[in-house]
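Have a look at the structure below before the remarks.
Throughout, read-outs are computed from the coordinates displayed, never taken from laboratory work. Note that the structure is a prediction, hence the values are computed from the model and not measured. In this analysis, Cβ positions are derived from the backbone assuming ideal geometry, glycine residues included, and neighbour counts consider all displayed protein chains.
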Amino acid sequence: MKSRLEQREVTTIPVVQIRPNCLLVYNQIINRSGFKSKHVVNPTISSEQTGKQGSKSLTGEKTYSGDMTKASVMRLKRVVNTLVAISEEKVAEDWKRGKSFRFKLNFITLTLPAEQGMHTDKDLKKKALDPLLKRLKRKYNLKSYVWKAEKQKNGNLHFHLTTDTYIHYEDLRNEWNGVLTALGYIETFRQKHGHSNPNSTDIHAIHKVRDLTSYLVKYMTKANKDDGNIDGKMWDCSINLKQKIKCALEIDNGTHEWLVDSFSRFQDNIREKEWCTFLFLKENEFKKVVNGKYLALYNEWRKAIREYERPERMIKVPVVKEEKRHVKRFNKVFDQLSLVLPPGWTKRN
């Protein structure tokens, strides 16, 4: 008779996952048979879940301190990589020079035209940033984005927003000043400067940058300790960039040969982990490696992320509420007819 340990069988298959900046090779578990181990890589667990425990901030502290933790930096890097990967090149006009240029992403800065005052950091994210994002989604079809909050030296909170959506700078300023009006910032600015149109936004397309991903990752993941910590969430992204959709396939003979060739060409880029192996690739190296059917699969993944829509919620009237309405109508009709109930009978409650 087999022991309990012998009965614990783990079935795995070799898998390669194509990410925007690397190839990831690992064994995916498809049948645990009662075997549980916290060390086994489980692709169904998100990096956000694994990063909640045991992460340290860039300042070395173990608990949340309003600064970026190492786990948060890793998640943000992955989101930025995905945003760059799914973005398509677009043509825009240079308003100053009167010429057109091509770009993939733009970089937006949102500032306060007056002192932050009594509004907390959480207040600004809930009452200013969130309403702005809703406006941009409704009016300008904003879909893929990532934002990060930072403190200025004067103590004011400001936001950096990176997106692939074209928005005219005047439209952006009007929308941002519009949400700030409800919080009193525009009136405070008017009393001091005599007009109600502060230059509270800055937007420019990111182009002529050799390594766009590295540029964004370096800027968006920098520590915030020099200017003061932030109350609450430091960054977030659009719903499509949070999805666990993976560009992965089982390693067959053909894929194995492709991986051997790719790993041999870029041996210096290999990083071995206990349960997986990474082949990190720069943009030009990625184009040399990922081609043919693998490029087609990768493009399908990009499209799936780019076009992801949040499932519509089914709106159902609870049975209890519907029953209460029925009882209310019954009692109203009963009163109007002035009916007399037989002894022992009562109205419905």
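Using the Karplus curve 6.51 cos²θ - 1.76 cosθ + 1.60 with θ = phi - 60°, what ³J(HN,Hα) values do you get for each residue of segment 9-17, in whole Hz, with x for Gly and Pro?
Once θ is set to phi - 60°, the couplings for segment 9-17 become 10, 10, 9, 10, 10, x, 10, 10, 10 Hz.
Taking 4 °C and 1.567 mPa s as the conditions, I'd like the Stokes-Einstein D for segment 70-242 in µm²/s, using the Kirkwood hydrodynamic radius from alpha carbon pairs.
77
PHE107: net charge of surrounding residues, Cβ under 12 Å, Lys/Arg +1, Asp/Glu -1, itself excluded?
0
Using a simple spin-label model with points 7 Å from Cα along the Cα→Cβ vector, what separation in nm is obtained for ASN141 and THR111?
3.2
Please tell me which of these pairs span more than 29 angstrom C-alpha to C-alpha: LYS90/LYS122; LYS218/LYS303; LYS70/LYS244; LYS77/LYS153; LYS151/LYS273; LYS151/LYS242?
Flagged as over cut-off: LYS90/LYS122; LYS151/LYS273.
So, by mean Cβ neighbours within 10 angstrom, what's the order for 234-241, 212-219, 294-301 with the highest one leading?
The peptides rank, most packed first, as 234-241, 212-219, 294-301.
What list of ³J(HN,Hα) values in whole Hz, one per residue of segment 185-196 in order, does the Karplus curve 6.51 cos²θ - 1.76 cosθ + 1.60 (θ = phi - 60°) give from phi, with Gly and Pro shown as x?
Whole-Hz 3J(HN,Hα) from phi for segment 185-196: 6, 5, 5, 4, 5, 5, 4, 8, 10, x, 8, 10.
Hey, what do the phi angles of segment 152-159 turn into as Karplus ³J(HN,Hα) couplings, whole Hz, using 6.51/-1.76/1.60 and θ = phi - 60°, x for Gly and Pro?
Per residue, the Karplus-derived 3J(HN,Hα) values read 8, 5, 7, x, 6, 8, 9, 10 Hz.
Provide the gained length on full extension for the span PHE266 to VAL10, in nm with one decimal, where the gain is 0.36 nm per separating residue minus the Cα-Cα distance.
89.0 nm
Applying a 10 Å radius around every beta-carbon, put 195-204, 159-168 in order of their mean neighbour count, most first.
Averaged packing, sorted descending, gives the order 159-168, 195-204.
Provide the FRET efficiency to the nearest 0.05 for the ASN291-LYS127 pair, computing r from the beta carbons and using R0 = 45 Å.
The value I calculate is 0.40.
Provide the net charge surrounding THR181, with neighbours chosen by a C-beta distance below 14 Å and charges set as Lys +1, Arg +1, Asp -1, Glu -1.
It works out to a net charge of +2.
Provide TYR140, TYR145 in ascending order of the number of other Cβ atoms located within 10 Å of each residue's Cβ, fewest first.
In increasing order of surrounding Cβ atoms, one gets TYR140, TYR145.
Listing ARG75, ARG306 from the residue with the fewest other Cβ atoms within 10 Å to the one with the most, what is the order?
ARG306, ARG75
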